[in-house]
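Report on the following structure.
Where a number appears in this text, it was derived from the coordinates with a stated rule and is not lab data. Please read these numbers as outputs of a predicted model, since none were measured by experiment. For neighbour counting, all protein chains shown are included, and Cβ atoms are generated from backbone atoms with ideal geometry for every residue, glycine included.
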Amino acid sequence: MKIKILAIALLTIGLTSTNAQAQTEIQWWHSMGGALGEALNGLANKFNASQKDYKVVATFKGSYPESMTAAIAAFRAGSGPNLLQVFEVGNATMMAAKGAIVPVATVMADAKEPFNPKAYLPTVTGYYSDVKGNLLSFPFNSSTVMFYINKDAFKKAGLDPNKAPKTWKEVLAAAEKLKASGQQCVYTTSWPSWMHIENFSAWHNVPIGTKQNGMGGLDTVFTINSPLHVRHIAMLGDMSKKGLFTYAGRTNQGDAKFSSGECAMFSGSAGAQAGIKKAAKFGWSINFIPYHDDVKGAPQNSIIGGASVWVMGGKKPAEYKGVAKFLAFLSQPEIQMEWHTGTGYVPITQASYELTRKSGFYDINKQLFKHSCHLQFFFRAHSPPRSLFSVSQCCVKYFNLLLVYRLTMRVIKNLFCHLHSSSAYCNLFYCFIIIQPLRTRINIFRFFRRA
């Protein structure tokens with residue numbers, strides 16, 4: 001009897017082992033920590049529980065530049081992930097890396113997975129597609145910049161907590177009252193170049209370069225020393241001198257300053273909502289970013305932000321089938337709705353947006369509805385790619401250092417306008433890598449040359 005029981009036990013273990021071995025692993029490297037990381041892991045776990053053939057292993061690899069550098073090094077060594085989350089700053093680099101990536105459209109077609117590009121919001125997919133409209137990467141966490149206020153701090157300062165500033169004049173007026181009420185950090189921002197160069201330019205319909213912002217030719221000349229740009233940066237410099245603006249850092253450091261209650265006003269990604277919801281001990285609201293009301297036609301549209309998921313090359317056919325299954329899973333309206341409502345990132349398909357609307361979620365969460373409308377109605381379907389907009393990343397170290405001073409036209413011209421020489425594309429690529437750590441710069445450059 002004991003021998004029979006032992007035999008059954010060994011058979012059971014063997015079957016379990018066989019099933020486990022048959023399961024194909026899909027490695028997914030990402031850069032989401034905190035509440036966003038928890039939400040991302042939740043998606044992977046849900047997919048793993050929905051079927052038994054594939055297992056997505058989500059691994060946090062540090063910041064966006066760090067994960068991109070790690071993936072480049074791994075690719076050169078013949079390993080690395082199946083999927084890599086890349087922020088939109090790295091979009092041009094990934095597009096140029098032929099052989100290192102496999103277009104999403106190709107992966108889905110080869111796996112014969114149902115895939116209709118028209119089901120996705122064109123304002124999002126247009127950003128991650130080639131000139132023929134083929135989707136190169138999978139839009140995952142798409143967002144735009146928004147303006148947040150601490151309603152409790154507004155109330156304490158005698159301001160209407162239900163009326164966020166709409167113009168920069170109103171921001172300045174509110175900032176003075178907040179400062180007078182004892183607020184130490186009045187206004188801060190995450191991603192200052194994205195907010196105060198890129199989105200500022202689009203919001204006010206002013207170009208950052210000639211030749212249709214670089215889309216009309218490689219002999220583009222940067223125009224971010226325009227009178228309006230100079231005036232805006234000078235305004236921030238004056239605010240800094242008066243203690244009305246606090247520089248937090250060049251990436252998303254401003255998120256924590258707002259969610260902790262340290263700063264009363266904040267501009268940052270709509271995706272910051274997940275962290276704010278989790279950490280904030282005060283009432284808050286999300287709003288459109290301010291504009292200069294004396295600029296004709298303002299406000300216009302904002303610029304897409306966030307990241308997409310790229311499929312890496314050199315993998316086995318079975319792994320690509322698993323990747324296709326997972327991307328199809330992420331596109332399901334119910335899954336998109338879960339991601340959207342839990343994080344603040346927008347749904348990437350019209351069906352998921354409609355499902356969220358019909359659920360009554362927007363009736364309760366009007367702020368998130370405002371963000372979704374912001375994406376659908378204010379983004380232009382064919383915004384210039386980030387390969388050009390990456391110029392602001394080149395400028396950011398100067399931007400950070402000089403915010404505390406009143407910048408003049410001559411200063412900005414000296415700093416910004418000598419960046420172009422023979423080719424706008426090459427200089428923009430240089431602008432992107434110049435701010436990275438030396439090791440990152442070397443790896444990206446070698447990877448770029450290999451591609």
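Listed values for the range 78-86 are Karplus-derived 3J(HN,Hα) couplings in whole Hz (6.51 cos²θ - 1.76 cosθ + 1.60, θ = phi - 60°), namely x, 10, x, x, 7, 10, 9, 7, 10, and x replaces Gly and Pro.
Rounded, prolate or oblate for the range 178-326? Axes are the square roots of the Cα gyration tensor eigenvalues, ordered a ≥ b ≥ c, and the cut-off for rounded is a/c under 1.5.
It comes out oblate by the Cα gyration axes.
Sorting GLU262, GLU176 by the number of Cβ atoms found within 10 Å of their own Cβ, with the fewest placed first, yields GLU176, GLU262.
In this structure, the amide hydrogen of TRP284, modeled 1.01 Å from its nitrogen in the peptide plane, lies closer than 5 angstrom to those of LYS151, counting only residues at least 5 positions away or on a different chain. What the phi angles of the range 253-268 give under the Karplus curve with 6.51, -1.76 and 1.60, with θ = phi - 60°, is a coupling list of 4, x, 4, 5, 5, 7, 5, 7, x, 5, 10, 8, 10, 7, 10, x Hz, glycine and proline written as x.
So if R0 is 30 Å, what FRET efficiency would ASP130 and ASP160 give, r being the distance between their Cβ atoms, rounded to the nearest 0.05? The calculated FRET efficiency here is 0.05. For VAL186, the amide hydrogen comes within under 5 Å of the amide hydrogens of THR246, ALA264, counting only partners 5 or more places away or on other chains and with H modelled in the peptide plane. Taking 0.36 nm per residue of separation and subtracting the Cα-Cα distance, full extension of the segment from ASN205 to ASP110 would add 30.1 nm.
Neighbour counting of Cβ atoms within 10 Å sorts the residues GLU319, GLU334, fewest neighbours leading, into GLU334, GLU319. Note on ALA173 and SER50: the model spin-label points, each 7 Å out from Cα along the C-beta direction, lie 5.0 nm apart. Amide H contacts of THR251: TRP191, each under 5 Å away and 5 or more positions distant or on a separate chain (H built 1.01 Å from N in the peptide plane; Pro and chain starts excluded).
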